Structures are given as structure tokens and as C-alpha cells.
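The values are calculated or read from the model by the stated rules, or taken from the named source; none is laboratory data. Owing to the predicted nature of the structure, the values given are computational and were not obtained by experimental measurement. Glycine gets a Cβ as well: all are built from the backbone with ideal geometry, and neighbour counts include every protein chain shown.
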Amino acid sequence: MLATLVTAVVEGLQGALVRVEVDVAPGLPVCQIVGLPDAALSEARERVRGAIRNSGFAYPAQRITVNLAPAGRRKHGAAYDVAIAVGILVASGQVAASGGDWALLGELSLSGEVHPVPGVLPMVHTLARAGARRVGVPAANVAEAALVEGIEVEPLRGLDDAARLVAGPRGRRAARASRAAPVAVSGVIAAGATGSAPLVEAGPPVDLADVRGQAAARWGLEIAMAGGHSLLLVGPPGAGKTLLAGTIPGLLPALDDREALEVTVIASVAGLLGPGDGLRRGRPFRAPHHTASYAALVGGGPRLAPGEVSLAHAGVLFLDELAEFDRDVLEALRQPLEEGSVVVARAQGTLRFPAQVQLVAAMNPCRCGYFGDPDRACTCAPGDPERYVRRVSGPLLDRLDLRIEMPRVRPSELLLGPDPESSAAVAARIAEARARSLARNGGRLNARLGGRETVELGRLGDPARELLAAVAIRRSLTARGVHRILRVARTIADLAGRDPVDTGDVLAAADLRDPAAAARPGLAA
Ligand SMILES: Nc1ncnc2c1ncn2[C@@H]1O[C@H](COP(=O)(O)OP(=O)(O)OP(=O)(O)O)[C@@H](O)[C@H]1O
Ligand SMILES: [Mg+2]
């Protein structure tokens with residue numbers, strides 16, 4: 001007897017429909033899976049046999065053929081287990097299937113439990129659009145599945161739940177997922193990308209009240225967060241670079257609806273949504289370790305998963321110890337930083353994942369960490385500090401809008417005096433400045449403006465324009481350099497509620513981009 005069930009696969013950020021056809025016929029007891037399965041899927045045979053036996057059903061001692069259609073699409077992962085097992089139960093007459101408007105997703109354990117799978121949100125979205133009215137998903141994935149409108153979501157804990165769902169209303173459990181505020185999933189997924197990777201998962205954010213001294217770095221961070229500008233912190237060990245970066249999650253406003261959906265889909269495909277995780281509202285802050293591989297950072301690997309640069313989409317990618325990262329990995333980040341998306345190559349073509357990230361990086365000035373320190377001698381050999389900085393390529397450094405030198409904190413600053421301003425106060429100013437720029441720039445932060453728009457929307461007063469021209473000549477700035485200074489100056493003015501941008505804003509922005517030039521005598525305009 002033949003049974004046909006509907007399930008889905010995820011490719012990039014999009015789901016695609018897969019039909020599971022199961023034929024159980026007299027013959028030698030073998031089970032064959034055809035239709036471009038990968039290794040994990042070929043192992044479904046063993047999981048399905050164990051799950052059927054251990055859920056109180058009989059595994060048919062007949063010839064079982066499982067066909068996954070369309071045959072041209074490569075199937076990967078273990079999300080088809082439940083559909084294959086139920087297909088065998090239907091085809092062997094142990095479960096009577098009612099109607100055809102349901103679909104099943106989930107991985108089985110040998111004991112018959114249903115385990116969560118990555119990509120449930122985009123897969124359920126695809127199933128709903130294809131006309132499925134009910135979908136059984138692993139209980140741990142119910143919250144994300146419930147974000148999709150127009151489809152009933154049933155939690156599956158074990159194979160017997162799936163069998164009851166398929167058998168029809170009388171056998172079904174009454175449990176229904178509580179639906180979160182519905183959102184328009186379609187736009188995002190249609191525009192649409194993910195995998196898990198090693199990372200330093202952020203703990204609770206550090207409060208700025210705990211970061212003492214470092215006035216320049218605090219100010220630079222505020223500007224960067226208000227305008228979406230990229231930021232490099234340079235300083236000796238223990239200056240507080242990692243500490244300061246830890247305040248970032250507490251300074252950024254929540255995601256808007258569209259961003260929240262994009263971030264949630266990416267997290268779903270990466271398998272990073274936990275049970276009960278619905279729509280993600282917190283802005284991503286990803287801090288991959290410097291030993292992270294190319295695939296972990298950029299995306300790809302056997303599962304074609306999104307990398308850190310996509311997991312940080314709409315948020316901040318923090319590269320601590322920048323000079324320790326593999327050079328090829330850093331080079332690979334240039335394209336996503338420029339384009340806001342990343343292309344992952346695979347055998348049958350390419351996939352594109354979103355990657356609109358704000359880059360924040362930290363590094364020591366040299367290997368020993370004390371190059372340029374007024375009180376402590378650098379122990380590196382001559383030429384070593386330059387070589388150390390050159391490990392990070394010039395074109396990447398050129399893409400960093402702000403470069404802040406963080407000296408050691410003075411003991412008096414560390415131990416005496418009142419507590420510095422808290423994150424809440426700074427976050428409020430950042431939110432206000434962001435609102436100003438979003439309203440003026442058609443929904444974009446200043447860092448996202450193109451060259452010409454920067455000049456048009458920057459609203460530069462005449463004296464500021466003349467000053468910028470003079471700085472550009474004296475410092476031999478490229479066009480990119482001029483536009484970057486202007487964007488940062490615009491943000492400094494936005495933070496102060498100033499319009500138009502004045503000469504002080506331009507000077508401050510120029511010095512934040514290149515502190516060394518600011519320090520050279522005669523070069524400050
Ligand atoms: N400005 C500061 N205010 C308060 N505490 C600080 C400050 N700077 C450093 N500390 C203390 O020192 C610890 C180490 O600082 P942190 O890890 O941020 O240094 P770092 O600049 O990242 O050094 P490295 O270059 O070695 O990575 C912090 O956890 C904190 O306890
Ligand atoms: Mg550090």
C-alpha cells in the first residue's frame with residue numbers, strides 16, 4: 001500500500017515543499033530511501049525502525065521504499081523522520097489517514113520521542129502557503145511555528161502524537177499552541193538564509209556605570225551606536241576594551257517588526273531558537289572567538305548554515321582581538337560589510353544570507369600590548385608593532401569609521417570619584433539620535449547612507465563644508481574618507497540635536513576617524 005505525506009526542507013532562509021511517498025509491499029524485509037538523501041537522512045532508517053517499535057507499533061517485515069520528491073532537490077537533515085515513520089504506519093495499515101491537509105516535521109529518537117529541528121519557522125511558512133491547514137512540529141519548536149498565520153500548529157512529543165494527528169480529529173490531542181502576535185512572515189522569507197557556530201554567547205550586558213574613566217571611548221561608542229558606525233578600540237591589556245563592548249547590548253533599541261522577523265528566521269534556520277522562543281526582539285550581539293573558522297563566520301559548511309555575520313544581522317558583530325583572526329576570514333568579511341548580505345557557495349549554485357551588521361572590533365596596538373604607552377616600555381622587536389597591525393588588512397581598517405585609542409585607566413579614575421553615567425541614560429540619548437536620523441533619512445541610520453545622499457542629507461553648514469574640504473586636502477582623504485567623516489559628523493550633530501552640522505562636529509568626526517593625524521602637529525585644521 002502507498003502513503004503520501006507532506007513535509008518540508010529548508011534551503012538558505014526559505015522552505016521548500018517535500019513529498020514523502022512510502023510503499024510497503026511483500027518481499028524481503030528491507031528499507032530503501034531514494035531521492036537525494038544526505039548521510040543524516042540515510043540514517044533515518046535506523047531511527048524510524050527503533051521509534052516505531054518503541055512506540056507500540058509493529059515495524060513491517062516487508063519491502064519498504066521511501067521516495068522523497070522532487071528528486072532533484074538535495075534533502076538534508078533529520079526533519080523528515082516523523083513523516084517517514086507515519087508514512088510507514090499508514091502504508092502498513094496501522095494508522096488510517098484522514099484528509100490530506102496536514103504536514104509533519106520532526107526528528108525521531110530510537111525511543112520514539114520527537115526532537116526539535118532547525119528551520120521550522122520558514123518551513124511552516126512554506127507549508128501554509130502551499131495550502132496545508134495543520135502541521136505537527138516538535139513541541140520545542142511550537143513557539144516559532146505559531147508565528148505563521150493561517151495554519152494550525154500541533155505539538156508533537158512522540159511518534160504516537162503524530163499518528164493521532166494524522167488519524168483525524170477524534171484521535172487528536174486538544175493541545176493548541178498559543179499564538180503570539182501574528183506577523184507578516186511572507187515578505188521577509190520571499191526576500192530571503194543559516195547553521196550553528198562556535199561563539200561567545202553574550203551574558204547580561206555590562207552597565208556603563210561599571211566602566212570607569214575612558215571618556216573618549218565612551219563617547220566614541222555612543223556615536224557609533226547612535227549612527228550605526230563601525231568602531232575599532234585599540235589599547236593595552238586591561239584597559240577595558242572587552243568590558244566596554246559588553247555594554248553594547250544594553251545600548252541598542254529593540255528590533256522593529258521587520259527586523260525581528262528576519263532575525264528570528266535566521267535564528268530558526270541556525271537552530272538557535274529555544275523552546276518557547278517566539279519572535280526575537282533583542283538586537284543581535286555576536287562575539288565569535290578569533291579561532292572561528294571561515295564557515296562559522298561567513299556561513300556554509302555541510303548544512304549550508306548562516307555564519308556569525310548573518311546571525312549578527314540587524315545588530316552588532318564584535319570581533320575581539322581583531323589581529324588574531326585568520327586573515328582569510330577577515331578578508332571574507334569585506335564583501336558582506338559592503339553589501340549587507342553574504343553569498344555562500346555550494347555545489348548547485350549559491351545562497352544569499354542577509355548580513356547588515358555593524359562591526360565593532362578591539363585589538364592591542366602590538367603583540368606585547370604596550371606600544372605607545374607613555375609609562376610602560378613596549379618589549380616588541382623594532383618593526384613588530386607595525387607588522388602586528390598589518391595583520392589586519394588596510395582595506396578592512398579603512399572601512400572602520402571610528403578608531404578610539406584606549407589608554408590604561410588611571411588609578412584615581414578607577415578608584416575615586418563618583419560612578420560614571422549609566423547605560424540607561426546613554427541609551428536614551430542614542431534612541432533619540434537614531435529616531436532623528438531614521439526620520440530624516442527615510443528609515444536608515446547615518447552609516448547606511450550612500451555617498452551622494454550623505455552630502456544631501458548631511459545638512460552641512462557652509463563653514464563646516466569649507467572646513468571639511470580643508471581637512472580633506474591636508475589629510476589626503478579619499479572620497480570614501482570624506483563621506484565617512486560626514487556621516488559621523490551628522491551623527492554627532494544628531495546626538496546634540498543640532499542642525500545643520502557645524503565645524504565642531506566635522507573636526508570631532510575627523511579626529512575620531514584618524515586619531516594619529518589629529519595628534520600630528522599642523523594637521524588639525
Ligand atoms: N575602565 C575600566 N573601568 C572599570 N574596570 C575596568 C576598566 N578597564 C578594565 N577594568 C577591569 O579589568 C578587567 C579586564 O578588562 P578588559 O577585559 O576589558 O580588558 P581589555 O582591554 O579587553 O584587555 P585585553 O587587551 O587583554 O583583552 C575588567 O573585567 C574590569 O574588571
Ligand atoms: Mg579584551
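Whether any residue in region 288-304 is surrounded by 22 or more Cβ atoms within 10 Å (Cβ to Cβ), at pLDDT 90 or above and within 16 Å of ligand 1 (Cβ to nearest atom) is what I want to check.
Yes, the conditions are met somewhere in region 288-304.
Restricting the search to region 230-278, which residues are in a helix (DSSP H, G or I) and within 16 Å of ligand 2 (Cβ to nearest atom)?
Lys241, Thr242, Leu243, Leu244, Ala245, Ile248
Residue check, Ile223 against (1) touching a strand residue (DSSP E or B) at 6+ places or on another chain (Cβ under 7 Å); (2) within 14 Å of ligand 1 (Cβ to nearest atom); (3) hydrophobic (A, V, I, L, M, F, W, C), all met but one. Which one?
(2)
List every residue pair whose Cβ atoms sit under 6 Å apart, with the two residues 6 or more apart in sequence or on different chains, where the first one lies in region 132-153 and is assigned by TED's automatic domain parsing to the domain that holds Gly15 and the second, anywhere, is surrounded by 21 or more Cβ atoms within 10 Å (Cβ to Cβ) and of a type in the set (Asp, Glu).
Gly136/Glu154
Kindly indicate which of Ala239, Ala226 is at pLDDT 95 or above and crowded, with 17+ Cβ neighbours inside 10 Å.
Of the residues listed, the single one that is at pLDDT 95 or above and crowded, with 17+ Cβ neighbours inside 10 Å is Ala226.
For Arg47, work out the one condition from (1) over 28 Å from Ala267 (Cβ atoms); (2) of a type outside the set (A, V, I, L, M, F, W, C); (3) part of a helix (DSSP H, G or I) it doesn't fulfil.
(1)
Just the residues that are over 25 Å from Val426 (Cα atoms), basic (Lys, Arg) and surrounded by 14 or more Cβ atoms within 10 Å (Cβ to Cβ), please, taken from region 446-473.
Listed by number, the list holds a single entry, Arg465.
Among the residues in region 416-438, are any within 16 Å of ligand 2 (Cβ to nearest atom), modelled with pLDDT under 90 and either small (Gly, Ala, Ser) or in contact with a Lys or Arg (Cβ under 7 Å, 6 or more places away or on another chain) (or both)?
no
Mind checking whether some residue in region 353-375 is farther than 20 Å from Lys241 by Cα, among the polar types (S, T, N, Q) and part of a strand (DSSP E or B)?
Scanning region 353-375, I find no residue that is farther than 20 Å from Lys241 by Cα, among the polar types (S, T, N, Q) and part of a strand (DSSP E or B), so the answer is no.
Any residue in region 402-417 that is surrounded by 19 or more Cβ atoms within 10 Å (Cβ to Cβ), of a type in the set (D, E, K, R) and more than 19 Å from Gly240 (Cβ to Cβ)?
Checking region 402-417: not a single residue is surrounded by 19 or more Cβ atoms within 10 Å (Cβ to Cβ), of a type in the set (D, E, K, R) and more than 19 Å from Gly240 (Cβ to Cβ).
Take Gly250 and decide whether it is within 15 Å of ligand 1 (Cβ to nearest atom), of a type in the set (Gly, Ala, Ser) and under 18 Å from Glu421 (Cβ atoms).
In short, no.
Hey, among Phe318, Phe325, which residue is within 16 Å of ligand 2 (Cβ to nearest atom) and modelled with pLDDT of 95 or more?
On inspection, the qualifying residue turns out to be Phe318.
For region 409-423, give me each residue that is in a helix (DSSP H, G or I) and out of contact with any Leu (no Cβ under 9 Å at 6 or more places or on another chain).
Within region 409-423, Pro411, Ser412, Glu413, Leu414, Leu415 qualify.
(1) in contact with a strand residue (DSSP E or B) (Cβ under 9 Å, 6 or more places away or on another chain); (2) in a loop (DSSP other than H, G, I, E, B): which one isn't true of Ile404, the others all being true?
Among (1) in contact with a strand residue (DSSP E or B) (Cβ under 9 Å, 6 or more places away or on another chain); (2) in a loop (DSSP other than H, G, I, E, B), Ile404 violates only (2).
Here are some residues: Arg303, Arg283. Which one is within 23 Å of Met123 (Cβ to Cβ), among the charged types (D, E, K, R), in the same structural domain as Gly228 (by TED's automatic domain parsing) and touching a Pro at 6+ places or on another chain (Cβ under 9 Å)?
Arg303
Taking into account only those residues within region 317-345 that are part of a strand (DSSP E or B) and within 16 Å of ligand 1 (Cβ to nearest atom), which is farthest from Asp257 (Cα to Cα)?
Leu319
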